[in-house]
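Below is one structure, written out as C-alpha cells; the observations come after it.
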Amino acid sequence: MAKGRGSAVVVTAVLLLALLLHCEWADAKTYTVGDRGGWTFNVAGWPSGKTFRAGDILVFNYGAAAHNVVAVNKAGYQTCNTPGAAKVYQTGRDQIRLAKGQNFFICNFPGHCQSGMKIAITAA
C-alpha cells in the first residue's frame, strides 16, 4: 500500500512541476524587434528601457533576401563576427525564445552589424 502512495506523490509532483513550467511560459511576452520598422539598421538601441524575462519571444521581421539573424556570444556581438557554431535564422519572420542571462543577435550580411543591425538583451 505504501508503494502506491509513493507513486501517487511522484505523479503529483511531476504534474505540479509541469504546471509551474507551463505558467512561466504562459506569462511570456512577445516583442517585435524594431517595432514597426522591424529588424533593420540602427536597431541596436531598441531594447533600451524594456524589461525582458527568460521565455519571452523576440519576433524578427525582415526581408530574407537582404538580412538574417544570427545568435552569437558576447565576443561575436562586439566584433560583428559569427563563430562556426552560431545559429543562423533566415526566414524573415523568425521567433526566438530568450534564454536567461545575456542574449546577443546580429545580422551577418557584410557591413550590416557594423551599421547597428545588432541587439544585446539580458533576460531575468
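Please treat every number below as a calculation from the coordinates, not as lab data. In this text, all values refer to a predicted model and were calculated from it rather than measured experimentally. Because the Cβ atoms are built from the backbone with ideal geometry, glycine has one as well, and the counts that use them run over all protein chains shown.
Which of the peptides 112-119, 84-91 is most tightly packed, and how do the rest follow, judged by the mean count of other Cβ atoms within 10 Å per residue?
Ranked from most to least packed, the peptides come out as 112-119, 84-91.
Using a simple spin-label model with points 7 Å from Cα along the Cα→Cβ vector, what separation in nm is obtained for ARG53 and ALA28?
1.3
By its C-alpha gyration tensor, with a ≥ b ≥ c as the square roots of the eigenvalues, how is region 32-84 shaped: rounded for a/c under 1.5, else prolate for a/b larger than b/c, else oblate?
Since a/c reaches 1.5 but b/c is at least a/b, the shape of region 32-84 is classed as oblate.
Any idea what the dipole of region 29-123 comes to, in debye rounded to 20, about its Cα centre with Lys/Arg Cβ at +1 and Asp/Glu Cβ at -1?
240
Using only the alpha-carbon atoms, what does region 29-123 span along each of its principal axes? Please give whole angstrom values in decreasing order.
Principal extents (Cα only, largest first): 31, 27, 21 Å.
Given a Förster distance of 30 angstrom, what is the FRET efficiency for ALA124 paired with LYS87, based on the Cβ-Cβ distance and rounded to 0.05?
0.85
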